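Working notes, structure below.
The values are calculated or read from the model by the stated rules, or taken from the named source; none is laboratory data. Everything quoted here is computed from the prediction, not taken from an experiment. Neighbour counts are summed over all protein chains in view; Cβ atoms, including those assigned to glycine, are modelled from backbone coordinates with ideal geometry.
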Protein chains: 2
Amino acid sequence: MVSQNSTSQQSVGVVTPQFLQFDEPLTLSSGQILPSYTLAVETYGRLNAQRSNAVLVCHALNASHHAAGVSATDEKDIGWWDNMVGPGKPLDTNIFFVICINNLGSCFGSTGPASIDPATGKPWGAAFPVVTVEDWVSAQTRVADHFGIARFAAVMGGSLGGMQALSWAIDLPERIAHCVVIASTTSLSAQNIAFNEVARRAIISDPDFHGGNYYEYDTVPARGLSVARMVGHITYLSDDDMAEKFGRTQRNPAEDGRFRFGYDVEFEVESYLRYQGEKFSRYFDANTYLLITRALDYFDPGGRHGGDLTEALRPAQAEFLTVSFTTDWRFPPERSRELVKALLKNGQQVTYAEIDAPHGHDAFLLDDPRYHAVVRAYYQRIAASLNLESAELVQDAA
Amino acid sequence: MVSQNSTSQQSVGVVTPQFLQFDEPLTLSSGQILPSYTLAVETYGRLNAQRSNAVLVCHALNASHHAAGVSATDEKDIGWWDNMVGPGKPLDTNIFFVICINNLGSCFGSTGPASIDPATGKPWGAAFPVVTVEDWVSAQTRVADHFGIARFAAVMGGSLGGMQALSWAIDLPERIAHCVVIASTTSLSAQNIAFNEVARRAIISDPDFHGGNYYEYDTVPARGLSVARMVGHITYLSDDDMAEKFGRTQRNPAEDGRFRFGYDVEFEVESYLRYQGEKFSRYFDANTYLLITRALDYFDPGGRHGGDLTEALRPAQAEFLTVSFTTDWRFPPERSRELVKALLKNGQQVTYAEIDAPHGHDAFLLDDPRYHAVVRAYYQRIAASLNLESAELVQDAA
């Protein structure tokens, strides 16, 4: 392999997921016990001999283990954080070994409500246990064990993924050197919960939901899931971003440019949202949507310590990078600053970047140069502090 | 009647609506013609001999003609703007004669989709024409004519009601002396339209909607309408207000204070929203909800002049009072400032108050002393400029 210029960014290429099966029962926060489970996993880069260069990337609500590269089964399916993870990218897979795991309860190959319950031979449906962010982390530790990783160089995530990173830092302080929390929060606000509840009501009140057991009826609550996705989508974009992208631009106006005076699409923004909703309802499992929004609602490490976030964070040994975006009104900078303040109160190491970006919550997925420069610099620092070398350099030397 | 101290605030008392029937066809913005229509109307105070003291109050999405006082048929039914309208209140019915009209297409006694179409003998349903803010104003002019009011002392409204006031000022400049626009905007943003579209999709995709003709099936799309109301309700409250009112307070926690790990109500905010949604779905007509959100979407006087709001406002002869609220994220202060700037460009008279209030969009309905003081002072100025006297003073002199 020819050495690449370290500033050129490349794709990790074609990726094939692994499906790891865990047969030891997992006790969940609810007290329920999951007898066994599968997790879908992708990895990028190479684990070094010391197993010290592993980074766990945690996904948000609707994403999967497919964080980077091109799916082996669908060349159009590019990973959701492909601009962040790859050779020469901010999280440089020439240096780091990156793991991404589809969350337990999700619908992309990990065990979830659509999976067959071995006890009944039928899909779990409504009987699938409600899991928490902490449960995801418990499940993920077995993946770390599988790869023989005693301690991650970093655990990183955006939005709900950031909550998982935070949970790793608190619950497994010795297994994570750095915690990268992007566009996230330490607990949902009442407004956040309210939007989740609207989404859930839309799904649950859809007659095709059948109390969560729609698989048996050979249907899906597509209407409810579509509405749920539409309302979610609005919260991912900033008001300004929507104004810039769609404004009041009409779609299919009458010949004289006037409105059609009906409830079909009149504006571009309606067309966009309907499309997003319908597309989502074809590939995402409604029970998973319920489950993940509930995990978001429940997450509140401060709440577990009588509302004292500082106390909750005290066990963490990791160094933190926290990033927020000015126009993110789902998890605004103020929520990240709460985390930063609590860490500082504990005398813990934290780097905080508040990025002035117009794209709302979704900014964490986009290719913003200042944002990516911050993350790149932070990973270079991690690499230096852990004496990690680029795989290319190792190969060149060999 | 004994003279009251002018600073004491009283209720207008028990109110009985009038139902005014108009048999002259009304041509709508869509080109459709409504052969006849009824409008439900309440009035408070007394019209003076010169008919110069009339104020038209315009209602917002879900409200009615019952703006003040106690309903004659339900003593618990207090008018939606009772804190604003009454003897000694900011809009003082000792001085002004106040009219409030249920909008055409609404569901509280005015002709709308649930009314019987005389041509078919069945409810209009989906066949009821889509109306605009301008159509409401056209319909309202006949109420003014009915009372012999050539020129309103003021037309006033909050939110969608403010759009109607603005439309009066632009389309009927000689019939309105003052225009009071509160917590409103000159056009919806893409985000505003997006939330409306979510609400409409929730209603239309409810199987009980039956293409808008649910009356014939003896059902209502209660699930969809409930979701629509929930999402609307979130946009009426500020993030801070929801945090203050509900925070992350649990509802019905398990005995050990923990969560119940399911999709029933876990948080107060869920309980509140469900209650609001269900209550609304029992009294509001789903077709009216579609119709009014569409009227909101369409309103755009600037758009009718190639995007030039200043040009659109040029015909207005009224003096303006514009009020916005700092935490209103539905129609933020910025949107009111656009109106103020356009008026100033035209050299038109405008008073602008930006009220620092925590209650989001709903602040316009609440009893904020600074807000009410501004409105009170403005109406006192109107009274002085039009040489209006308190009915009490007239009576005392008699």
Reported set for segment A:229-245 where residues are facing another protein chain (nearest Cβ under 7 Å) and under 22 Å from the mean Cα position of the chain (by Cα) is A:Met230, A:Val231, A:Ile234
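Out of all the residues in segment B:195-228, which are β-branched (Val, Ile, Thr) and away from every other protein chain (no Cβ under 11 Å)?
Hits for segment B:195-228 are B:Thr219, B:Val220.
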When restricted to B:Gln32, B:Gln21, the only residue touching a residue at least 12 places away in the same chain (Cβ under 8 Å) and more than 26 Å from B:Leu166 (Cβ to Cβ) is B:Gln21
Of the conditions (1) within 20 Å of A:Glu134 (Cα to Cα); (2) in contact with a Lys or Arg (Cβ under 8 Å, 6 or more places away or on another chain); (3) surrounded by 20 or more Cβ atoms within 10 Å (Cβ to Cβ); (4) free of Cβ contacts under 8 Å to residues at least 40 places away in the same chain, the single one that A:Ile355 does not satisfy is (1)
Counted residues in segment B:310-320 being over 14 Å from B:Arg337 (Cα atoms) and part of a strand (DSSP E or B) come to 1
Residue hits (segment A:321-352; touching a residue at least 24 places away in the same chain (Cβ under 8 Å), in contact with a strand residue (DSSP E or B) (Cβ under 9 Å, 6 or more places away or on another chain) and surrounded by fewer than 22 Cβ atoms within 10 Å (Cβ to Cβ)) are A:Thr326, A:Arg335, A:Gln348, A:Gln349, A:Val350, A:Thr351, A:Tyr352
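For segment B:100-121, give me the residue count where each residue is outside any loop (DSSP other than H, G, I, E, B) and closer than 24 Å to B:Val55 by Cβ.
2
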Answer yes or no as to whether A:Thr141 is touching a helix residue (DSSP H, G or I) at 6+ places or on another chain (Cβ under 8 Å) and of a type outside the set (A, V, I, L, M, F, W, C). yes
A:Val323: passes all of (1) in a loop (DSSP other than H, G, I, E, B); (2) more than 13 Å from chain B (Cβ to nearest Cβ) but (1)
B:Gln18 passes all but one of the listed conditions (1) within 15 Å of B:Ala391 (Cβ to Cβ); (2) surrounded by fewer than 24 Cβ atoms within 10 Å (Cβ to Cβ); (3) in contact with an Asp or Glu (Cβ under 8 Å, 6 or more places away or on another chain); the exception is number (1)
(request) Would you confirm whether any residue within segment A:268-288 is of a type outside the set (A, V, I, L, M) and either assigned by the TED database to the domain that holds A:Ala126 or in contact with a Gly (Cβ under 6 Å, 6 or more places away or on another chain) (or both)? (result) yes
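Table: residues versus (1) touching a Lys or Arg at 6+ places or on another chain (Cβ under 8 Å); (2) basic (Lys, Arg); (3) on the phi > 0 side of the Ramachandran plot.
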| position | (1), (2), (3) |
| --- | --- |
| A:Met84 | no, no, no |
| A:Pro113 | no, no, no |
| A:Ala119 | no, no, no |
| A:Lys122 | no, yes, no |
| A:Thr132 | no, no, no |
| A:Ser138 | no, no, no |
| A:Arg142 | no, yes, no |
| A:Phe147 | yes, no, no |
| A:Ala177 | yes, no, no |
For segment A:104-119, the count of residues that are more than 17 Å from A:Gln140 (Cβ to Cβ), among the small types (Gly, Ala, Ser) and touching a Ser or Thr at 6+ places or on another chain (Cβ under 9 Å) equals 2
Sole miss for A:Leu296 among (1) within 15 Å of the chain's Cα centre (by Cα); (2) surrounded by 23 or more Cβ atoms within 10 Å (Cβ to Cβ); (3) more than 11 Å from chain B (Cβ to nearest Cβ) is condition (2)
Of (1) part of a loop (DSSP other than H, G, I, E, B); (2) in contact with a strand residue (DSSP E or B) (Cβ under 7 Å, 6 or more places away or on another chain); (3) assigned by the TED database to the domain that holds B:Gln164, B:Gly307 satisfies every one except (2)
Picked from segment A:24-42 (must be assigned to a loop (DSSP other than H, G, I, E, B), polar (S, T, N, Q) and farther than 16 Å from A:Asp145 by Cβ), the residue nearest to the other protein chains (Cβ to nearest Cβ) is A:Ser30
So, first residue facing another protein chain (nearest Cβ under 9 Å) and more than 19 Å from A:Thr132 (Cα to Cα) in segment B:255-275, second residue small (Gly, Ala, Ser) and crowded, with 18+ Cβ neighbours inside 10 Å, Cβ within less than 6 Å, six or more apart or across chains; the pairs are B:Val269/A:Ala190; B:Val269/A:Ala194; B:Leu273/A:Ala194
Does B:Pro301 satisfy being part of a loop (DSSP other than H, G, I, E, B) and farther than 22 Å from B:Ala190 by Cα?
-> no
Going through segment A:220-236 in order, the residues found to be of a type in the set (Val, Ile, Thr) and farther than 13 Å from A:Ile203 by Cβ are A:Ile234, A:Thr235
Among residues of segment A:179-189 being of a type in the set (Gly, Ala, Ser) and within 18 Å of the chain's Cα centre (by Cα), the residue nearest to the other protein chains (Cβ to nearest Cβ) is A:Ser187
Exactly one of B:Phe22, B:Phe96 is closer than 25 Å to B:Phe284 by Cα, in contact with a Phe, Trp or Tyr (Cβ under 9 Å, 6 or more places away or on another chain) and among the aromatic types (Phe, Trp, Tyr), and that residue is B:Phe22
A:Asn192: passes all of (1) touching a Cys at 6+ places or on another chain (Cβ under 6 Å); (2) within 14 Å of another protein chain (Cβ to nearest Cβ) but (1)
Taking segment A:118-136 and the residues there that are buried (at least 16 other Cβ atoms within 10 Å of the Cβ) and away from every other protein chain (no Cβ under 14 Å), the one that is nearest to A:Phe22 (Cα to Cα) would be A:Trp136
Checklist line | Yes/no for A:Pro173 being modelled with pLDDT of 95 or more, surrounded by fewer than 24 Cβ atoms within 10 Å (Cβ to Cβ) and not assigned by the TED database to the domain that holds A:Ala60 | finding: no
Among A:Gly88, A:Gly69, A:Gly45, the single one that is surrounded by 15 or more Cβ atoms within 10 Å (Cβ to Cβ), within 18 Å of the chain's Cα centre (by Cα) and of a type outside the set (S, T, N, Q) is A:Gly69
